[in-house]
Structures are given as structure tokens and as C-alpha cells.
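See structure below.
The values are calculated or read from the model by the stated rules, or taken from the named source; none is laboratory data. Only a predicted model underlies this, so the values are computations on that prediction, with no experimental measurement involved. Don't worry about glycine lacking a Cβ; one is built from the backbone with ideal geometry, like all the others, and counts go over all protein chains shown. Side chains included, ligands, DNA and RNA excluded: accessible areas come from the protein's heavy atoms. Shrake-Rupley method; radii C 1.70, N 1.55, O 1.52, S 1.80 Å.
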Amino acid sequence: MDHDPQFQKSRRGFLGGLGATAAGLSLAQAGAARAQAKPDPAITEIQDWNRYLGDGVAANPYGKPSKFEKGVVRRDVEWLTASRESSVNFTPLHALDGIITPNGLCFERHHGGSPEIDPSKHRLMINGLVDKPLVFTMDDLKRFPGRVNKVFFLECAANGGMEWKGAQLNGCQFTHGMVHNVMYTGLPLKVLLDEAGVKTNGKWVMPEGADSSAMTRSIPIEKAMQDCLVVWGMNGEALRQEQGYPLRIVVPGWEGNMWVKWLRRLEVGDQPWHHREETSKYTDLLADGRSRRFTWIMDAKSVVTSPSPQAPLKHKGPNVLSGLAWSGRGTIRRVDVTIDGGKNWQTARIDGPVLPMSLTRFYVDFNWDGREMLIQSRAMDDTGYVQPTKDELRKVRGLNSIYHNNGIQTWLVRSNGETENVEIS
Amino acid sequence: MSKFRKAAGLALFAALVTAPALAGKVGLGREALPEEVAAWDIDVRPDGAGLPPGKGSVGDGEQLYLQQCASCHGEFGEGAGRWPVLVGGQGSLKSEGPEKTIGSFWPYASTTFDYIKRAMPYGNARSLSDDDVYAITAFLLNQNGIVKDDFVLSKENFSKVKLPNEQSFYDDDREKAERHFWQKDPCMKNCKPDAKVTGRARMVDVTPEDGKSIKVE
């Protein structure tokens, strides 16, 4: 029985539990392992790379992806912003797998360009309501006891912001690509604050950047002491310039704008500062004209990265649906996937590390007979939060929001495999 | 002999690793000098904390604004291209096209001062004097109908300036207002009628690079 291919297919098939549809799709599977009519020249002819010597070890002192992967790059949407120095580009989620985002593909968001900072001239100051204001060099920080390594997602609060009023951009790189997931190396912010000695009336911490926007945000002291980090490393190497080299703050699960890059100062105060990025921006204008502020947490969210508009289906028969889920409130507990626009759902298979406030990878192995599908994914976290539909979200928030769009994404897969960003009833 | 050396080595190492913990403070870094704190600590709060001495008039601010700001933000704060609009928009926040300006949306005047001082003009940050920043802030408040034409903004009168939208902001209440997003068992079977496509990104046609033609095997 276990060797009966038909049984295996229907057992593993994505649609196995979905009644009539399942039969149609798994029947289409029969004969998928076709016989090859002519010998494959990729096998029968000796290839250049098989005959001649390849590159020597000195060819690439810092390795780069294969030239055949040249399309896997960050991309921007020029009409979105007035200048590229205060702008954003997007992680190519459709072309990535696993949970870690390669350093060179982590999306960028700058408010005054990405500065090139000489680490020997970089300083971190802690001042304000502390017993002793301190200045650290990078060397001081790297000698400091208590170094940690932790994986966290960083999502821009505006990820999906262009989609509030309806489907607009065709590609999960553009609809969801303001997110990345990195293993950081650095120090708990707490150990540095303890070294300076926070006074009892110190209730807020304000990180400040050294770049030309001198980015500032107000972080409550509880969060600062609980799990924030001051980091110099990402995925085993130094921070990339565009990610804050030589130093940034990590604010796990909270909106990316708070993760101040090129971190040069931490001020402790007794009140929030209400600066530009927490008043005129990164507040949520609701339908009644009032606005939520301090909406720091990124709610549970997921997206199917393949198939998606930039990663269409190319073959009938066996296919792998893949996606990402994450929650700023904790750990992803479950991801469900539908192919009929939310009528019926099946729980996806999660693979790889499942970490709190980290991207989490899910898969559904399925057979496709070429029928149209409306694909969605729905994340649940360990607080019991269930990712809402876009309509459910609009019902509470209205249409004038920009930030915190964690609504369920729909991809229409057409019978020719083309995949589109759509809105559905 | 070698055993003894190893034991001595371990003891020494143990002393080394525990030493900082015993001391309470690590002792890395140095005390920041007052001049250093003053050089970087320029932030301003709504209660006026952090404001430097100084003042500036609406009239002086207009001249400075035209030289330093208008090329991006427009002569009247209306914004050029996609650069931020700074003036107007009152009464628009419930409409389909809300205009979030200093006068219509921003809760505190201190945000304007702080941001101009730390990050403006775009590409030439920290080039304005404190009096210049007071003057430009005064002009923007005047354009938004908050202060009169002859107003002179100063450290002393700053915290008396109130913006009309301050009371419209409230702290994150998602855990209450969106409580229904926490569900025990979301529906898995026959959850809704057949879904219909109601909107397509392709019709909006603003995605960079056309989709390539696809061939299904």
C-alpha cells in the first residue's frame, strides 16, 4: 500500500481533505513522471564546466551569488517617494526560502540616505536620567560582557501600506517585502543602561541615529529592559552599511522604524518625546478622524511567497506552496492555507526553527491540475491572535490607514500559472 | 606538575570571569563630558524641555522658509511633487484624501522645532541657527493659522502654543478594540460562500517591470 503512488499522492496531496476538488487534482497527477523521448544533451554532452578549470580561490575574496541569480535583488517603486535618499526598497521574498534573509537582500528604509560611518569615529552616548552619562567606543562595546545572538524579524510598519484601499502592486516583494529576518550579535540594551544606572524616574528611552535624519523614537523603559539589543553583527558578519553599520538598536516584534540605525545615542527621560516619527508618521488615522499612537507591536501576519505574481506556477502536477508567517506578539503556532478564497482551509506544514518574533517558514506540498485557485494564508500566534482578512481590518480601521496592514493576502493563480494580486469577496 | 598547572590555570580563569560581576559595574566606557552631551542632546519635548535660548518672528521665518524650504515644500507649504505638505488640510482627516499637515494633524508644535533643528534642510542638516529654527517654526505655525502675522516665537512662549489636533490622539487600544481578532478555533470548512474577485492590482498597473509571459508545461 505504501508503494502505491496514487495512494501516496492523495495522502500527501494538499487537497486531500477538501472533498471533490481533491479527486480532480490528484487524478491529474497520473503519468506525471514522463519518459524522456531523446537523450538529454545536458547529460550526454561534456559541458565546459566539466572540462576546464574553474575560478581560483582568489577570484572572489567576498563571494557573490551566481550570475544566474542576478534577478534576485532588492527593488524599489520609484513613484512612492520624493527622493531615493528618503525611500524604501523591498526584499525579494518570492525568491527566498528558509527563515534567514541574506544580508544583501534585507530591505532598506532610509530617511536621509545611508551614511558611510568610520567605526573608529563612532560613539555611543547614554545620557539623560542616568547616574553617570557614558560614552562608549565600538571597541568598548565589543569587550563588554554578556554578548548574545538572537533571531528577530524586522517589519516596517508601512509594509503593505499601499494595499489599504485595494490591490495595487503585483508581487509579494512589493506587497510584503518590507520585512527581513536576521540573527543579530550584540548586547542586551539592559546591560548598557545598568552600566549608566537608570534613575527611578527614567521611564522612556530614546535611541538616536548618527545619520542626516538623526532618527529618534521613544521606547518605554520596560521594553528597553526586557528584550531590546544594541547590535553590531548580522548573520555572523558586521552590520551592512544600509542596516546601520556600525551599530543599531533591535526592538523585537515592534515596528521597524523604532530599530534606529547608525545608533549614536540613548537618552533616558521621564516622558515620551513625541517626535516626528511617532506623531506625524507611524500613527494610525482611523475612520472617525482620530488617531492611534504608540502602535508599536506588529500583529501576526503571513504571506504565500510561492506561488505569487513574481513566482508563478510553471508546471502542473507536484508543486510546493511556500510562505512566511510572523508575529510581534510571540511565536507562530499555526498557519492555515486555502486555495478557494477562504471557504476551506488546511493547516500548513511548518519547517525550520520556530522562534518568537521571527519569520517562520511554512509549506504545503500539492498537486495542481491547472485549475484557477484563490490562495491565501492565515497565521495564528501563541496569544491566540488570528490574522484577519483585509475586510475585517478595514471594518475596524477604515481606509485612511497607512501602517499595520496585516490583512490576509489573496493571490489568484490562473489556469496558465500566472499569478495576480487580487481582492476578493 | 602538569595537573597542578591546569588546576592553577582554571582557578585563575574563574577569577577572571567572575571579577566584573563582583565589581557591580563593568567599568567600560567613560563619563560623557557636559560639552559632549550638549553637542548631541538637542531634542525637544512638548513641554518645552530641551528648547535652546532664542527667538524668531513670522516675518524672518518667511524669508528663511523661501530660501531654505520652499523648493521642496512649496512657497505656501503645499508641497512640491511628493514632498511633504506642511500647511492646510484642516477638516480633511475623515475624508477620502486626508491631508496630514502641522495644522491639521500634528499634535505638538515642539515636533516641528525638533525635526527642523535635527534634520532640515534636507541634505544640509544642522546648518540653521536656533533663532532660524524658531523663525521658520513661527512661520509654519502662522501659515497654518495657529499664530498671528506679528508673532515672535521664543523659548519662553513656546509651550503655550497648542495645535488643534492634539486631543485626537490616543494610545494603542488594539487589544481591546480588536479583541475579536483573538479566536480560539478559526473556521476551517465551508466558512463562506464562493469567493469572487472584486479588485485586481493589474488594473491599477503601477507595479515596476511587466510580468513576464509564462508557459505552463
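The residue list A:L286, A:N367, A:M162 was ranked by how far each Cα lies along the charge dipole of chain A toward its positive end, using unit charges on Cβ atoms, and A:L286 comes out on top.
Per-residue shielding of A:394-402, expressed as the average number of other chain Cβ atoms within 10 Å of the residue Cβ, stands at 2.
Rounded to the nearest 20 debye, the dipole size of region A:332-383 about its Cα centre is 100 debye, using +1 on the Cβ of Lys and Arg and -1 on the Cβ of Asp and Glu. Note: relative contact order over chain A, using C-alpha pairs below 8 Å and six or more positions apart, is 17 percent.
Dipole size of the protein assembly as shown about its Cα centre, with +1 on Lys/Arg Cβ and -1 on Asp/Glu Cβ: approximately 1900 debye, rounded to the nearest 20. Rounded to the nearest whole Hz, the Karplus-based 3J(HN,Hα) values (6.51 cos²θ - 1.76 cosθ + 1.60, θ = phi - 60°) of region A:324-330 follow the sequence 10, 9, 7, 8, x, 8, x, with x at glycine and proline.
A Förster radius of 56 Å combined with the Cβ-Cβ distance from A:D270 to A:V320 puts the calculated FRET efficiency at roughly 0.60. Of the peptides A:211-217, A:57-63, A:160-166, A:144-150, the ranking by mean beta-carbon count within 10 Å, highest at the top, reads A:211-217, A:160-166, A:144-150, A:57-63. Note on chain A: dipole from Cβ charges, positive end direction compared against A:V250, A:A37, A:F174; the farthest Cα belongs to A:V250.
Taking other residues whose beta carbon is less than 15 angstrom from the beta carbon of B:G97, and scoring Lys, Arg as +1 and Asp, Glu as -1, yields +1.
Taking amide H as placed 1.01 Å from N in the peptide plane, A:M234 has its amide H under 5 Å from the amide H of A:T185, A:L239, each at least 5 places away in sequence or on another chain. For B:G54, the amide hydrogen comes within under 5 Å of the amide hydrogens of B:K155, counting only partners 5 or more places away or on other chains and with H modelled in the peptide plane.
Out of the total accessible area of the protein assembly as shown (probe 1.4 Å, heavy atoms of protein only), what percent is carbon and sulfur? Its accessible area is 53 percent carbon and sulfur atoms. By the Cβ-Cβ criterion of under 4.7 Å, the unpaired cysteines of the protein assembly as shown are A:C106, A:C156, A:C172, A:C228, B:C69, B:C72. Taking B:K100, B:K25, B:K117 as the candidate residues, the one with maximal mean-square fluctuation in a Gaussian network model of chain B, Cα springs under 10 Å, is B:K25. How much FRET efficiency would the formula 1/(1 + (r/R0)^6) give for A:Q47 and B:S95, where r is the Cβ-Cβ distance and R0 is 56 Å, rounded to 0.05? The pair A:Q47/B:S95 has a calculated efficiency of 0.30. The DSSP beta bridges internal to region A:93-292 are antiparallel in roughly 90% of cases. Local charge for A:L247 was computed over the other residues whose Cβ lies under 15 Å away, with Lys and Arg +1 and Asp and Glu -1, and equals +2.
The convex hull of the Cα atoms of the protein assembly as shown, projected and averaged over all directions, covers 37.4 nm².
Here's the picture: a label point sits 7 Å out from the Cα of B:D205 along the beta-carbon direction, and within region A:398-425 the residues with their amide nitrogen under 17 Å of it are A:421.
Among A:E78, A:E267, A:E108, the largest mean-square fluctuation in a Gaussian network model of chain A (Cα springs under 10 Å) belongs to A:E78. Remark: the A:T331-A:V72 segment gains 90.4 nm on full extension, using 0.36 nm per residue and subtracting the alpha carbon distance. Please name which of B:L66, B:S104, B:Q143 has its Cα lying farthest along the dipole of chain B towards the positive end, using unit charges on Cβ (Lys, Arg +1; Asp, Glu -1) and the Cα centre as origin. Toward the positive end, the furthest listed residue is B:S104.
Surface burial for A against B, with a 1.4 Å probe and both sides summed, reaches about 8400 Å² of accessible area. Couplings 3J(HN,Hα) for region A:269-282, derived from phi with the Karplus relation 6.51 cos²θ - 1.76 cosθ + 1.60 (θ = phi - 60°), are x, 9, 9, x, 8, 6, 7, 3, 7, 10, 10, 6, 10, 6 Hz, where x marks Gly and Pro. Take the Cβ atoms of B:R30 and B:S127, set R0 to 35 Å, and the FRET efficiency comes out at 0.70. The residues of region B:64-217 expose, per residue, 55 Å² of accessible area to a 1.4 Å probe. For chain A, the solvent-accessible area with a 1.4 angstrom probe is 39 square angstrom per residue. For region B:54-74 versus region B:153-185, the spacing of their alpha-carbon centroids is 30 Å. For peptide B:41-47, the mean count of partner chain Cβ atoms within 10 Å of a residue's Cβ comes to 6.
Across region B:71-217, the relative contact order, built from alpha-carbon pairs under 8 Å that are at least six residues apart, equals 17 percent. Net charge of the neighbourhood of A:Q271, taken over other residues with C-beta under 12 Å away and scored Lys/Arg +1, Asp/Glu -1, is -2.
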